[in-house]
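First up is the structure itself, then whatever we jot down about it.
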Protein chains: 2
Amino acid sequence: MADAEGTKQPTVEPVAEEQPADGGEKGPSKNELKKRAKEADKAKKAAEKAAKQAELAAQKAAAEVDYAEAYYGKDPLNQSQARPCHHYTKIADLNSNLDGQDVIIRARVQASRAQGNKMVFLNLRQQTDSVQALLIVTPETVSKQMVKWAASLQTEAIVRVEATVKKSPEIIQSATVGDVELHVNKIFLISGLDGRLPFTVEDANRPETEIASTEEVQYKRVLLDTRLNNRVIDLRTQTNQAVFKLQSAICHLFRDHLDNLGFIEIHTPKLQGAATESGASVFKVGYFKGSAFLAQSPQLAKQMAIAADFERVYEIGPVFRAENSFTHRHMTEFMGLDLEMAIEEHYHEVMETLDNLFKHMFTGLRQKYRKEIEVVRKAFPADEFKWREGPEGTLRLTFRQAVDMLVEDGVPRENLDDIDTENEKRLGALVKAKYDTDYFIIDKFPMALRPFYTMPDPEDPTLSNSYDFFMRGEEILSGAQRIHDPALLIEKMKEKGIDPESMQSYVDAFRMGCPPHGGGGIGLERVVMLFLKLNNIRRASLFPRDPRRLEP
Amino acid sequence: MADAEGTKQPTVEPVAEEQPADGGEKGPSKNELKKRAKEADKAKKAAEKAAKQAELAAQKAAAEVDYAEAYYGKDPLNQSQARPCHHYTKIADLNSNLDGQDVIIRARVQASRAQGNKMVFLNLRQQTDSVQALLIVTPETVSKQMVKWAASLQTEAIVRVEATVKKSPEIIQSATVGDVELHVNKIFLISGLDGRLPFTVEDANRPETEIASTEEVQYKRVLLDTRLNNRVIDLRTQTNQAVFKLQSAICHLFRDHLDNLGFIEIHTPKLQGAATESGASVFKVGYFKGSAFLAQSPQLAKQMAIAADFERVYEIGPVFRAENSFTHRHMTEFMGLDLEMAIEEHYHEVMETLDNLFKHMFTGLRQKYRKEIEVVRKAFPADEFKWREGPEGTLRLTFRQAVDMLVEDGVPRENLDDIDTENEKRLGALVKAKYDTDYFIIDKFPMALRPFYTMPDPEDPTLSNSYDFFMRGEEILSGAQRIHDPALLIEKMKEKGIDPESMQSYVDAFRMGCPPHGGGGIGLERVVMLFLKLNNIRRASLFPRDPRRLEP
């Protein structure tokens, strides 16, 4: 056992323990005792280390024997039988400088092609990288049976190959690493396939057709569903490997920026006692003998964190919406990037913090993830995402100005009490044409369109201190100054038909003193979808959820 | 309006547009046109900028008028009426070098003490920092009414003060910034109290008594409940401000370490189609016309991410347990820090990754958060958390060795098919006495104690390739190599009475080829509780949830 340290422990005890505490006449001195104890301790540690090393060496030697038994076949190491401690090379690290060297690689068989019965070419893939490998019948090393066996490997099987790197005479176009090929000496099957692939990863890598006619929409919908039904295969595409690296990057950039501004990360409960936040649809949960509800945002809790003096908080967590909606941009569960902060004077402090945050994320993506963006673009052609980077700053329109732009463009004013999805897109196009930006802010929404906790405008009570942010003509953030005065809050709750009693701990938080504050919530998958123009939010979610989809 | 950019936009258009495209005879040359266009563009931008600046200046001037109206009273700026753009100073940044300077500060009144009717002392607090402020009746600046008004401010009210920093003649013991005091010139109430505080933050800051007798337990339980019922006030204590900074830090250190090892962050759905992971209690959710279930861990999805080639993934997200349990270490919702990774040879690769991760977190906390740890220790006295940092590495015991240690200590072997909570603690104490560490690993758990997806030991099928990690004698991580072979998986599911059909997309993921892999799940709040010895996990959760608590 590698872990037998507990029993193998040598029983050397510090000498001092066995001696009289205050140096008896013939006993060694206190200093002497200390020294001996130290030495014993040192010896003990050295013994422990030596025992461990010996054990590891024995284990390794035993492993080598098993390991070298065959040249091909089912891998014998799948259950942690041994640990030979070999170095595994990444395909991305292969290059012609390694010419002649032996490597061990674990990879998927992306494709195989036999040439007669003496040679087989394999295309081996790791994530977004691939390399060509070949087996040629050679006396005493590569048998005919071995080549036949290798040729029979299914696409997507995972193998371990031991191979010699050879500089390729010409660049191999079918692999991402084209200047070398691998001459396989041994090959073992780590994980095979049980059944047929619903589609190949190569097929899935091909760009989906743009929507052009009703027929095509139908076709495309089937295609996306097939992908989502077999999401594990679909996620193996270059495109998806890049999409989720970018999703991960956005969270990283979000936290990075806010950490530097003194925010702290919080985690608020998704199980709530009341279904009250905005009267909209929430999921009901059976909770022991009663019920609970799934949070449709961390709104209440993050405001309470401000009342609890945390000053600046953010949270990345799931939010749940029980809307029976099947649009390209709605899911029943998605990731919210939320923040909330105390303000000194004006809610534009929050709006500017959010604006700087977005610009930090856009710049970070462009600077550090160009490769991934380009990979996605092959499947989803899109213009480069544009934002105003000059001293003029991000474009801000008031809601009224946005309406005026739409009216000027021919939309009847009476249809513009709210700006619906269609008009949002139209506004996005107008803004793009006039200001050449895919990113802008609308400020000063009418109070009627916002939730009860939104702070009204100080001069015009029909307006509010609230804003939405847009990317490519779609809303990706909603935020506002919040009401921190309990009397005003109760008044607004009643106006919207919400019983303040049903949210007592929330209202109480403001009764105990709370600074003016504001914040916003960003939909992570929307940002991913719109930055990359994926056209459907499901593509930006690892395992998307909508009213009809709870699997995989 | 600050946001009126859209309409205030000067209408200078690039000149080139109005000229013939290919330079007519008398028209300017192409280059000339380009130059003019550029100049026009520049002028446009300058005009925009100037307009914006003028507006801001006007706004600021208007604000100043309002702002200077009074010396005390209700703050007029709470609704973003204006933005004078003053600098607000943090109490933590005050020091005697600022002697004589004027500052503006937003803070809570932690305490006030009037001296006669001519002077009042205020203790002002921001998070964990405090300073003494005073008002003295002074002709033409501080009136008797003003002093009286200030003396009447309730504890926990939030004020904005404009004050002059004065070097203090002696260190003020009652404040964390003791070398200066603030001589208040103006004071405004930003947020008052509506009702009485359930307890003061000063009281809540006092350490809770240690458990000593049944009576005390009773008393203590009431105390914790009172705190949790009024969590917003309780969270304002120094202790809690530090606890949640440390919680935030642990997540930061977790991600940091794994990002450097090539992991990517994923987000998996909490809504699942089947309640199957381990047959244990899960929460049922009404999902449109059907039902869904809350994930009790990201186990299935993170393994599917490995089958989807992501190689190394982690997730920080809520997990839900419908256990009707009221121990000091169970909640119905907590934060899971989960990771999963493909392995090359042996599951100890995963165990070592997790071990290094913990050591990185411990070291990071000790190095960068000493102040916060010490603040918490005042309320929750504890020995410094110890782990083995030398070359001998973290102590690893096999389950069998752990049992032997307990038997040797007098626990009957027949009680040790599993190690229950009590024996876990006992083992922790034995380990601490023998090895002087609060942190160790138990490897090789019996298969019978682990979930169906755990890889059996290759030599002894009654054992498994699984491990738990412990802090101060309590489990904080459970992990294992997983079964990646669909046939073995189905066999193990059936043995545990789980219908493989009920988890089809999970099983299918392995049918399409999956590398050997392993991982683990860490309970965030447990790590916080045990590192700091908070004795109850509810203290490590912002708004804890248990079978009886869904509020606040």
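The values are calculated or read from the model by the stated rules, or taken from the named source; none is laboratory data. Given the structure is predicted, the values throughout are model-derived calculations rather than measurements. Note that we place each Cβ from the backbone using ideal geometry, even for glycine, and neighbour counts take in every protein chain shown.
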How many residues are in contact with a helix residue (DSSP H, G or I) (Cβ under 8 Å, 6 or more places away or on another chain) and either of a type in the set (A, V, I, L, M, F, W, C) or at pLDDT 95 or above (or both) if we restrict to the range B:156-182? 6
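In the set A:235, A:261, which member is in contact (Cβ under 8 Å) with a residue 40 or more places away in the chain and buried (at least 21 other Cβ atoms within 10 Å of the Cβ)?
A:235
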Out of all the residues in the range A:256-270, is one or more in a helix (DSSP H, G or I) and farther than 23 Å from residue B:251 by Cβ? no
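Would you check which residues across the range B:459-471 are crowded, with 20+ Cβ neighbours inside 10 Å and in a loop (DSSP other than H, G, I, E, B) and list them?
Passing the criteria: only B:465.
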Name every residue in the range A:325-340 that is facing chain B (nearest Cβ under 10 Å) and either part of a loop (DSSP other than H, G, I, E, B) or modelled with pLDDT under 95 (or both), in order of residue number. A:331, A:332
What number of residues within the range B:487-515 are farther than 16 Å from residue B:301 by Cβ and in contact with a strand residue (DSSP E or B) (Cβ under 7 Å, 6 or more places away or on another chain)? 2
For the range B:450-458, indicate whether the set of residues that are surrounded by fewer than 17 Cβ atoms within 10 Å (Cβ to Cβ) and either of a type in the set (Val, Ile, Thr) or not assigned by TED's automatic domain parsing to the domain that holds residue B:478 (or both) is non-empty. no
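Could you list all residues from the range A:127-161 that are closer than 23 Å to residue B:310 by Cα and of a type outside the set (Val, Ile, Thr)? Walk me through it before giving the result.
Quick first cut of the range A:127-161, residues closer than 23 Å to residue B:310 by Cα only: A:127-133, A:153-161.
Hits for the range A:127-161 are A:127, A:129, A:130, A:132, A:133, A:153, A:154, A:156, A:157, A:160.
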Over the range A:113-125, the set of residues touching a residue at least 24 places away in the same chain (Cβ under 8 Å) and surrounded by fewer than 20 Cβ atoms within 10 Å (Cβ to Cβ) is A:114, A:117, A:118, A:119
Suppose we filter B:322, B:301 for residues that are of a type outside the set (Ser, Thr, Tyr), within 12 Å of chain A (Cβ to nearest Cβ) and surrounded by 22 or more Cβ atoms within 10 Å (Cβ to Cβ); which single one remains? B:301
Of the numbered conditions (1) facing another protein chain (nearest Cβ under 10 Å); (2) more than 33 Å from the chain's Cα centre (by Cα), residue B:464 fails exactly one; give the number of that condition. (1)
Please go through the range A:346-360 and pick out each residue that is of a type outside the set (Val, Ile, Thr) and more than 11 Å from chain B (Cβ to nearest Cβ). A:354, A:355, A:356, A:357, A:358, A:359, A:360
Heads up, the helices (runs of 4 or more DSSP H) in the range B:472-542 (entirely inside) with at least 3 residues that are more than 8 Å from every other protein chain (Cβ to nearest Cβ), within 27 Å of the chain's Cα centre (by Cα) and crowded, with 20+ Cβ neighbours inside 10 Å are B:524-532
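State yes or no: is residue A:290 within 7 Å of another protein chain (Cβ to nearest Cβ) and out of contact with any helix residue (DSSP H, G or I) (no Cβ under 7 Å at 6 or more places or on another chain)?
Against the criterion (within 7 Å of another protein chain (Cβ to nearest Cβ) and out of contact with any helix residue (DSSP H, G or I) (no Cβ under 7 Å at 6 or more places or on another chain)), residue A:290 does not qualify.
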For residues that are of a type in the set (A, V, I, L, M, F, W, C) and over 21 Å from residue A:472 (Cβ atoms), scanning just the range A:402-449, find the one that is surrounded by the most Cβ atoms within 10 Å (Cβ to Cβ). A:447
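Name the helices (runs of 4 or more DSSP H) wholly inside the range A:341-455 in which the number of residues that are touching an Asp or Glu at 6+ places or on another chain (Cβ under 8 Å) and closer than 27 Å to residue A:305 by Cβ is 2 or more.
Here the list reads A:348-368.
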Kindly evaluate residue A:420 against the criterion of being farther than 28 Å from residue A:235 by Cβ, among the charged types (D, E, K, R), without any contact (Cβ under 8 Å) to a residue 12 or more places away in the chain and within 11 Å of chain B (Cβ to nearest Cβ). no
Can you give me the number of residues within the range B:306-319 that are more than 7 Å from chain A (Cβ to nearest Cβ), free of Cβ contacts under 8 Å to residues at least 60 places away in the same chain and within 18 Å of residue B:284 (Cβ to Cβ)? 0
Conditions (1) facing chain A (nearest Cβ under 10 Å); (2) under 22 Å from residue B:526 (Cα atoms) -> residue B:343 fails only (2)
Condition check for residue B:270: within 10 Å of chain A (Cβ to nearest Cβ), without any contact (Cβ under 8 Å) to a residue 60 or more places away in the chain and surrounded by 23 or more Cβ atoms within 10 Å (Cβ to Cβ): yes
Considering only the range B:93-183, give the strands (runs of 3 or more DSSP E) lying wholly within it that have at least 1 residues that are of a type in the set (D, E, K, R), farther than 28 Å from residue A:514 by Cβ and more than 14 Å from chain A (Cβ to nearest Cβ). B:158-167
